[in-house]
Number of protein chains: 2
Amino acid sequence: MPKNSPTRRFDLDSLALDAGARDPLHLQLRDQIRRAILEGRLRPGERVPSTRGLAGSLGIGRNTVASAYDQLTSEGYLAAAVGSGTRVSRTLPERLLNAPKAGPAPAPGVGGADGLSRLSARGREIAAFGRLLGLDRGRPAPFRPHIPALDAFPREVWERLTARRQKRLPRDLFARVDSLGYRPLREAVAGYLGASRGVRCTADDIVITAGVQQGIDLIARLLIDPGDKVWLEEPGYLDVRPAFEMAGAEVISVPLDADGLDVSAAERSQPRPRLAYVSPSCQWPTGITMPLARRLELLSWADRSGAWVLEDDYAGEFRYGGRPLPALQGLDRSGRVIYTGTFSKVLFPSLRLGYLVAPPGLAEAFGAARWLADRHSPPLEQAVLADFIDGGHFARHIRQMRTLYAERQGAVVDSAHAELSGAVDIPAAEAGMHLVARAVGASQEAIMAAASGVGVEYHPISRYSAATPPAPGLILGYAAYPPESSRRAMQAWARALGGTRIGHATPAAALPPAPRPGEIIT
Amino acid sequence: MPKNSPTRRFDLDSLALDAGARDPLHLQLRDQIRRAILEGRLRPGERVPSTRGLAGSLGIGRNTVASAYDQLTSEGYLAAAVGSGTRVSRTLPERLLNAPKAGPAPAPGVGGADGLSRLSARGREIAAFGRLLGLDRGRPAPFRPHIPALDAFPREVWERLTARRQKRLPRDLFARVDSLGYRPLREAVAGYLGASRGVRCTADDIVITAGVQQGIDLIARLLIDPGDKVWLEEPGYLDVRPAFEMAGAEVISVPLDADGLDVSAAERSQPRPRLAYVSPSCQWPTGITMPLARRLELLSWADRSGAWVLEDDYAGEFRYGGRPLPALQGLDRSGRVIYTGTFSKVLFPSLRLGYLVAPPGLAEAFGAARWLADRHSPPLEQAVLADFIDGGHFARHIRQMRTLYAERQGAVVDSAHAELSGAVDIPAAEAGMHLVARAVGASQEAIMAAASGVGVEYHPISRYSAATPPAPGLILGYAAYPPESSRRAMQAWARALGGTRIGHATPAAALPPAPRPGEIIT
């Protein structure tokens, strides 16, 4: 415990040493004297106490003080002069020795309201996008989209595989991993995509990514030059826009018709793009499945125009009826399609593993792009996922989820029909993990306000629309929510809306927890 | 087992069903018929066998064939006509039904030598960079740099923490994780940086990254606009160049003097940059530690000019003598410094976890940039690392490595002196994990050729130099290699060089394994 008493001009009150702290005493002393110098409490040329004197004042060993002084001297803060003891160095610039100035530059550690103004123009756009993302923080409630059935994931299997793998992959776990991905996982993914999605590939074509978002980022790095045009469906998955814009592309919204991206209209009216982004299995957010004829038309156009087609098959695993169709990639005869998908929407969201199928001859280039972005995906998760697929758990989980999601979708559609049929129309979807609600007997604003009032979550389609006015509709995710919780949410929503068919109203307090703004799941 | 016999024009020889395969028989049949159509072996309008007939020919159940036909019909490949059986659809475009054309577009799955020509201009640069990276594949041999002592990592501790954590973090493991990082890890990193590196920050300022490379990528996204200038040390860590160029920056090489980046010379002769990248603890690759006066000069310049300073403290943990100095970030009074570091160089390379300290008010913007890049780092590894730090294992490991690396560096310096003193000069380094060798009595080319001939690895400094002619010297990593293996490598190198002081030569066969080109550690 330090004894605090003034010694000459040196303010010992500012020194507080703690023998129980993580840092040894000499480091604590060094840091505190350094701070006193930097904050101007010790001035250039000023004498500091002798090591013996300070040790006595503080009740610590003289060697401790000497060690701190030695280090401060070697760092240039203190200077020892023969015959006149130790002083604060005179060569420290005056500027540094004053307290932080008032003015536009905020002090470190102090959040400045003007912080964002210091970003680049692109950085300000990213930060603005971040505020939108903040809406999805907190524990999800019905019907926040993009979330699989966490309650139905076979966690005990995953944990068993993890426990086994983390002890059995010494080289993988500790040495450098291939940027293209862990080889057995690439093989497992190639086998799965070939058998289940009609994708033509071998393990050599597979690039393991941290998910579709990163896959698109890598594609933009490798295939887009500044000034290139990129077609994006309207409405569409606008989250990919910043990746293309980062690469200097101009992103052009291309309208849909009932079959998805309207190729011939776009070809007539829009500038020729370097790349067209499509989600043919289940268009985000409309849910349209692109029929075979349109797929062939799109491929024919890509072949003629020399454009790339980026096929985002983010939820191709989940189809409940209608026409199962092979991936565009499997129909492609000219190597123009880049196929990408993710495991985080099928297994669990914090698993940041996805894949892309590189066009012929380009896998190594994708490996280089990944190396420059962030090196590689975590080896343990890659190995566990490979085991999960090879052990048949992945195929079984998809089968089970297909049944479960059909049931969960049915519960939402049925309870919407029972509770909200005068106000909202929610047709069944033949694929994916979400439904689209459209206002029929009330304004969309009133419907949204009612939902927000009782903690019912949704994404407005306008969030994915660049058109003026934006496309109408609300996106309702259903995969994560058991039927009973969906029904209760729908009842509360109807009650808040004062709808026509309110049966057995539920107090809002019985709902799943609403998101707390700013709350982060950790 | 299928019996293969021709039925009308339908080539049953092309069908090979395997009852033991992962896919059920009806899916195998569907895929093979689809392929026959796409490859032109079945023509539009052509009749296919009846379900009964094909089932009999193949020795499988009629329901299996019917199921395959149903799906192909729903996909549009087959059409059932009343009274005339089932035919291949006539509406499939002719183009699709031919075999892949000869010509510039390679067929999927076939690597085209012209693949790279289809990349963007930027993509071709990335691919070229990737070929350089390929040189470091395979098991590392002395003296490949950038690798810590894998043999001395406390793996049993890490595995124990992983085993415990993977069962005890249910919400973290399965729900969405904060893009800024797992909160307890952010707190542990803030505590460590404050106590050991003189960094002024709280957990709110910490952004967990996938390593320094990704940190720089995020910084480029947020702080750089097209046309901005970026200063990079010459020679310097050129690997960061593509990240800045991706953001549209012009990267300018700025010369060093004995104290590191020559601020006043650069200020006089170079265009004013938006950001200056420096590695003041241990300049890569020269090893220079920037003294306090130069640090203050750099900060003063940044304050005056409004530029950002990116401080890469990639190996600040390892200092063996000389002047320990606080981070630039801790000296900064105007919030111009972004501090970044990594755990992969301190613990093990496949652990893709690092950190940056965001300038005041900007952490949330970094979170948004990370979300758009790849969402977040893996939660399990983040939690294990937090436990590793909080349990004191991290501090202990660093202490032990400081001793071990000093010893390993000494072994390299000593054996170079004993074996190669007539040809190569390798002065001791006061920080980091590498040494710089300079040719003295032989040409650098001869020295490099001798090393390559016996599987001794190095990075030429020219790899990190944009000057003409490039800076001379060879980078030798030592941290990963026990003294005996370093000594043997040095002896083999000397023998290959035919040097003047070859003592006890070692046959190359006794060396650690040399890298096999293209080999990937998986």
Test B:Ser344 against the criterion of being without any contact (Cβ under 8 Å) to a residue 40 or more places away in the chain and more than 26 Å from A:Asp239 (Cα to Cα), and give yes or no. no
Is one or more of the residues making up the range A:425-442 closer than 30 Å to A:Pro154 by Cβ and exposed (fewer than 15 other Cβ atoms within 10 Å of the Cβ)? yes
Restricting attention to the range B:69-95, report how many residues are exposed (fewer than 15 other Cβ atoms within 10 Å of the Cβ), within 14 Å of another protein chain (Cβ to nearest Cβ) and at pLDDT 70 or above. 1
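So that you can scan it fast, the table gives a plain yes or no per residue for (1) assigned by TED's automatic domain parsing to the domain that holds A:Arg463; (2) of a type outside the set (Phe, Trp, Tyr); (3) surrounded by 22 or more Cβ atoms within 10 Å (Cβ to Cβ); (4) at pLDDT 95 or above:
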site: A:Glu234; (1), (2), (3), (4): no, yes, no, yes
site: A:Glu245; (1), (2), (3), (4): no, yes, no, no
site: A:Val254; (1), (2), (3), (4): no, yes, yes, yes
site: A:Ala258; (1), (2), (3), (4): no, yes, no, yes
site: A:Pro271; (1), (2), (3), (4): no, yes, no, no
site: A:Ala276; (1), (2), (3), (4): no, yes, yes, yes
site: A:Trp284; (1), (2), (3), (4): no, no, yes, yes
Among the numbered conditions (1) without any contact (Cβ under 8 Å) to a residue 24 or more places away in the chain; (2) within 24 Å of B:Ala383 (Cα to Cα), tell me where A:Gly392 comes up short. (2)
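Out of everything in the range A:268-307 that is basic (Lys, Arg) and touching a residue at least 40 places away in the same chain (Cβ under 8 Å), what residue ends up being nearest to the other protein chains (Cβ to nearest Cβ)?
A:Arg274
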Quickly run through the range B:235-258 and pick out the residues that are at negative phi, out of contact with any Ser or Thr (no Cβ under 9 Å at 6 or more places or on another chain) and within 12 Å of chain A (Cβ to nearest Cβ). B:Asp239, B:Val240, B:Arg241, B:Pro242, B:Ala243, B:Phe244, B:Glu245, B:Met246, B:Ala249
I'd like the full set of residues that are in contact with a Phe, Trp or Tyr (Cβ under 7 Å, 6 or more places away or on another chain) and part of a helix (DSSP H, G or I), limited to the range A:303-340. A:Gln329
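Restrict the check to the range B:236-243 and report whether at least one residue is among the hydroxyl-bearing types (Ser, Thr, Tyr) and in contact with a Phe, Trp or Tyr (Cβ under 6 Å, 6 or more places away or on another chain).
From the range B:236-243, those among the hydroxyl-bearing types (Ser, Thr, Tyr) are B:237; that's our starting set.
Going one step further and asking which of them are in contact with a Phe, Trp or Tyr (Cβ under 6 Å, 6 or more places away or on another chain), we end up with B:237.
Looking through the range B:236-243, at least one residue is among the hydroxyl-bearing types (Ser, Thr, Tyr) and in contact with a Phe, Trp or Tyr (Cβ under 6 Å, 6 or more places away or on another chain).
This table checks each residue for (1) within 20 Å of A:Val177 (Cα to Cα); (2) small (Gly, Ala, Ser); (3) outside the structural domain of B:Ala293 (by TED's automatic domain parsing).
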residue: B:Ser334; (1), (2), (3): no, yes, no
residue: B:Thr340; (1), (2), (3): no, no, no
residue: B:Gly354; (1), (2), (3): yes, yes, no
residue: B:Pro359; (1), (2), (3): no, no, no
residue: B:Leu362; (1), (2), (3): no, no, no
residue: B:Ala365; (1), (2), (3): no, yes, no
residue: B:Ala383; (1), (2), (3): no, yes, yes
Among the residues listed as B:Gly455, B:Gly441, the single one being in a loop (DSSP other than H, G, I, E, B) and farther than 14 Å from B:Pro142 by Cβ: B:Gly441
Looking at the range A:304-321, can you tell me whether even one residue there is of a type in the set (Ser, Thr, Tyr) and farther than 30 Å from A:Gly130 by Cβ? yes
Mind checking which residues of the range B:133-170 are farther than 22 Å from A:Ile219 by Cβ, of a type in the set (A, V, I, L, M) and modelled with pLDDT under 85? B:Leu135, B:Leu169
Looking at the range B:199-211, can you tell me whether even one residue there is more than 30 Å from B:Ala368 (Cβ to Cβ) and either modelled with pLDDT of 95 or more or surrounded by 24 or more Cβ atoms within 10 Å (Cβ to Cβ) (or both)? no
Across the range A:395-414, what is the total count of residues that are of a type in the set (S, T, N, Q), farther than 25 Å from A:Val456 by Cα and without any contact (Cβ under 8 Å) to a residue 12 or more places away in the chain? 0
Qualifying residues in the range A:336-357 (those that are within 9 Å of chain B (Cβ to nearest Cβ) and within 30 Å of A:Glu297 (Cβ to Cβ)) - the one farthest from the chain's Cα centre (by Cα): A:Arg336
Mind listing just one residue for me: the one in the range A:358-415 that is more than 21 Å from A:Ser196 (Cβ to Cβ) and of a type in the set (Phe, Trp, Tyr) and, of those, farthest from the other protein chains (Cβ to nearest Cβ)? A:Phe366
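The values are calculated or read from the model by the stated rules, or taken from the named source; none is laboratory data. None of the values given here were measured: they were computed from a predicted structure. Every residue, glycine among them, receives a Cβ derived from its backbone with ideal geometry; neighbour counts consider all protein chains shown.
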